[in-house]
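The values are calculated or read from the model by the stated rules, or taken from the named source; none is laboratory data. Note that the structure is predicted; figures quoted are calculated from it, not measured. Cβ coordinates were reconstructed from backbone atoms using ideal geometry, including for glycine residues, and neighbour counts include every protein chain displayed. Calculation scope for accessible area: heavy atoms of the full protein, side chains included, ligands and nucleic acids excluded. Shrake-Rupley method; radii C 1.70, N 1.55, O 1.52, S 1.80 Å.
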Amino acid sequence: LHSDQDKGDGSLKYILSGDGAGDLFIINENTGDIQATKRLDREEKPVYILRAQAINRRTGRPVEPESEFIIKIHDINDNEPMFTKDVYNASIPEMSDVGTFVVQVTATDADDPTYGNSAKVVYSILQGQPYFSVESETGIIKTALLNMDRENREQYQVVIQAKDMGGQMGGLSGTTTVNITLTDVNDNPPRFPQSTYQFRVPESTPPGSPVGRIKANDADVDENAEIEYSITEGDGYDMFGITTDKDTQEGIISVKKALDFETKNLYILKVEATNIHVDPRFLYLGPFKDSATVRIQVEDVDEPPVFSRPAYIMEVKEDVPINTVIGTVTAQDPDAAKNPVKYSVDRHTDMDRVFNINSGNGSIFTSKPLDRETLLWHNITVIAAEINNPKQSSRVPVFIKVLDVNDNAPEFAMFYETFVCENAKAEQLIQTLSAVDKDDSYSGHQFSFSLAPEAATTSNFTLQDNRDNTAGIFTRKNRYNRHEMSAYFLPVVISDNDYPIQSSTETVTIRVCACDHRGKMLSCNAEALIHPTGLSTGALIAILLCIIILLVTVVLFAALRRQRKKEPLIISKEDIRDNIVSYNDEGGGEEDTQAFDIGTLRNPEAIDDNKFRRDIVPETLFMPQRTATVRDNTDVRDFINQRLKENDIDPTAPPYDSLATYAYEGNGSVAESLSSLESVTTDGDQDYDYLSDWGPRFKKLADMYGVMDSDKDS
């Protein structure tokens, strides 16, 4: 900078201000030359605005107006292209077509894009050919090779270069790595590693048990490798089944039905493995399934006997005699040895031992009488065991139904007790009867009712059979007298129509009762009128009056005794006798905290002026007047005198059937303890003259102790 006013004599001074003044830029204050103090980076700040001025060095006044000028930083190619990521990860399906998009990489250059080619970036592939290619201007990576197979190679690492200056010589460059993974497609069918499999299985294997596992290999992964196994043909198609283990993709062959070595000992199966998820694009590679042959050898084992039936149902009449054969069970040893079998009854199923079995031929017979009405079905279990090996045994249920025979007589459905009115008329229905039979009737029960022969002609009632398993009782005469006969017992014969005919005689109780004109029963008790055995009404009233008088006497006695307890023991102040009065009441002792609050005696300052006596109920609500509370240093004698005066003017104060305790002694009392236990040893030191000052209530006590003191003196 140079001012026209500068004559070179050093009178002017140049100053600089603005962006970077004094830091990036400095000015020679004598010559006005501006210099940069460090290297400038356009990428950090491309433009600086400065202000300069020339001032008089002596006065400090500007000689010219302030000038502003702009410094622009011209760019050079000093920044290489930078990718947005250090590492790119991408994936594409295997067997993709050429030119399939994989991923796009991007690089940026911090140089000025408007100035030359410093920021023009061109992409190229340094590593990854011939599998992949990259577009030079966009950075898009594409597949360059057909039918890339994941099973041959799954991972590819591609290095991409970004170079500025349009890729020309001298340009700066940067690189990035792209990790490309081929994802799986179902382009491989399952294949058995061998064409034939052999397994052995014991014939005793229960249904549902596994026999063995086979596996078809599939080069694909995940759902593309999922396989479904099936049995397509073979002589064991209905004897065995196969399922797929989802975790291992193995085929599990299992038993569907019971095996028998003696019937068939070899089964040949054809097992097929098929992909579940088939991609139609790759069907041209062939069928996505494979098959193998499975040979299953059944091994012989020692089996238990086998019954001819899974269960037996037998019937027997309930009246058969003991040892009657009711049926036979049969079991055989299925093995080639045909070992002999013995039979027995599981006694846990026949606790009463009603049945037994012939151990040789399996015939079941009765060992006790049967009763269908008690138990209709008997469910027992028969055991068949090999004689040579009793551990080989089997069981079979046997259901025995007891058939009915007519061995039970009919009887009333309920206990019948009815009544007839004294004013009843002849041919009047008084009761309908019904009957039941424990026996079973296939054609339905048919009962007949009749009076017993001894009552058919002499009875005062008749019986009419309704032919529908009911019968009605009717009166035979007009009017009945309950004083002559209070109850009638009518025998009724009930018979069934089965073979052999069964009958029973039941009794109907008919009471004679007094009824109103509508036939409603009023009373049936005739004995009370004929034979009075109870107490009369007058006697009952007399007994009740005596009880009431006794109760009143007891209540009055208790009230008088309670009133007597409230009266003071000494009626007159002058009536003081040298007597011993027994109260037969010791009080609550030390644990009785309800009668007195002795805490106030221990601490006189804690006295509550508003407290009432709690051992008795005063006649009137009289508030006792209390003097000022004595201090802790008062003498015990003054303290007791104070309490004595308060009780003298208190009409509710003792003596009563209670005891007032003064446990507070004060501080430094010359009287020391008032306890009678301690006073025994200190009688000689006591002066009882002060008792004479306590009033007439303590006169007797003062006389007694005054005499004692005078005796000691003498």
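Distance between the 7 Å Cα→Cβ label points at Gln194 and Glu484: 11.3 nm.
Taking 0.36 nm per intervening residue step and subtracting the Cα-Cα distance, what contour gain separates Asn147 from Glu64 on full extension?
Here the answer is 21.8 nm.
Set the Förster distance to 22 Å, then compute FRET efficiency between Asp407 and Ala452 from the Cβ-Cβ distance, nearest 0.05. Mind dumping the intermediate values first?
Numbers: r = 22 Å, r/R0 = 1.02.
Approximately 0.50, to the nearest 0.05.
Based on protein heavy atoms only, the stretch 217-319 ends up with 54 Å² per residue of surface accessible to a 1.4 Å probe.
Label-to-label distance, Gln155 versus Asp638, with points set 7 angstrom from Cα along the beta-carbon direction: 10.9 nm.
Taking the stretch 160-183 and a reference point 7 angstrom along Cα→Cβ of Gln127, the backbone N atoms nearer than 20 Å belong to 160-163, 173-182. Considering every pair of different Cα atoms, what Kirkwood radius, in Å, is found for the stretch 196-299? After inverting the pairwise mean of 1/r, the radius is 14.5 Å.
Mind checking the per residue accessible area of the stretch 82-183 for me, 1.4 Å probe, whole number of Å²? Walk me through the intermediate numbers first.
Values: 5360 Å² over 102 residues.
Heavy-atom SASA per residue in the stretch 82-183 reads 53 Å².
For the stretch 450-524, the list of GluC sites (Glu not before Pro) that fall in a loop by DSSP and count at most 15 other C-beta atoms within 10 angstrom reads Glu484. For the stretch 63-185, the Kirkwood estimate of the hydrodynamic radius, built from every pair of different alpha carbons, is 16.3 Å.
Given contacts defined as C-alpha pairs under 8 Å and at least six residues apart, what's the relative contact order of the stretch 306-403, whole-number percent? Walk me through the numbers before you get to the answer.
Values: 218 pairs, mean separation 35.2, N = 98.
Relative CO of the stretch 306-403 lands at 36 percent.
Peptide packing: for 52-64, 543-555, the average count of neighbouring Cβ atoms within 10 Å per residue gives the ranking 52-64, 543-555, highest mean first.
Near the amide H of Phe83, within less than 5 Å, lie the amide hydrogens of Thr108, all on another chain or at least 5 residues away, with H placed in the peptide plane.
Both radii are taken from the alpha-carbon atoms of the stretch 411-523; with Rh as the Kirkwood radius, Rg/Rh is 1.02. Kindly list the residues of the stretch 339-358 that lie in the label zone of Val325, defined by a backbone N under 12 Å from the point 7 Å along the Cα-to-C-beta vector. Taking a point 7 Å out along Cα→Cβ of Val325, the residues of the stretch 339-358 whose backbone N falls under 12 Å are 358. Protection proxy ranking of 455-464, 68-77, 250-259, by the mean of other Cβ atoms within 10 Å over each peptide's residues and highest first, is 250-259, 455-464, 68-77.
How much length is gained on full extension from Leu283 to Val221, taking 0.36 nm per residue of separation minus their Cα-Cα distance? Show your work: numbers first, answer last.
Details: separation 62, 0.36 × 62 = 22.32 nm, distance 1.78 nm.
Fully extending the segment from Leu283 to Val221 adds 20.5 nm.
With the highest mean first, a sort of the peptides 373-381, 277-285 on other beta-carbon atoms found within 10 angstrom per residue produces 373-381, 277-285. Measuring nothing but alpha carbons in the stretch 12-72 and taking Rh as the Kirkwood radius, the Rg to Rh ratio lands at 1.02.
Here r is the Cβ-Cβ distance between Glu646 and Gln563 and R0 is 22 Å; the resulting FRET efficiency, rounded to 0.05, is 0.20. Beta bridges assigned by DSSP with both partners in the stretch 82-183 are antiparallel in approximately 75 percent of cases. If R0 is 45 Å, the Cβ-Cβ spacing of Thr537 and Ser504 corresponds to a FRET efficiency of close to 0.40.
Distant-in-sequence amide contacts of Asn30, defined by a placed amide H-H separation under 5 Å and a gap of 5 or more residues or a different chain, comprise Tyr14.
Rolling a 1.4 Å probe over the protein chains gives Ile15 an accessible area of about 70 Å².
Go through Lys45/Lys120; Lys13/Lys72; Lys270/Lys338; Lys317/Lys342; Lys45/Lys142; Lys256/Lys338 and tell me which ones have a Cα-Cα distance over 32 Å in this structure. Could the numbers behind the result be given before it?
Details: Lys45/Lys120 21 Å; Lys13/Lys72 26 Å; Lys270/Lys338 35 Å; Lys317/Lys342 27 Å; Lys45/Lys142 39 Å; Lys256/Lys338 26 Å.
Pairs exceeding the cut-off: Lys270/Lys338; Lys45/Lys142.
A crude spin-label estimate for the pair Met351 and Phe399, with each label 7 Å from Cα along the Cβ direction, gives 2.2 nm.
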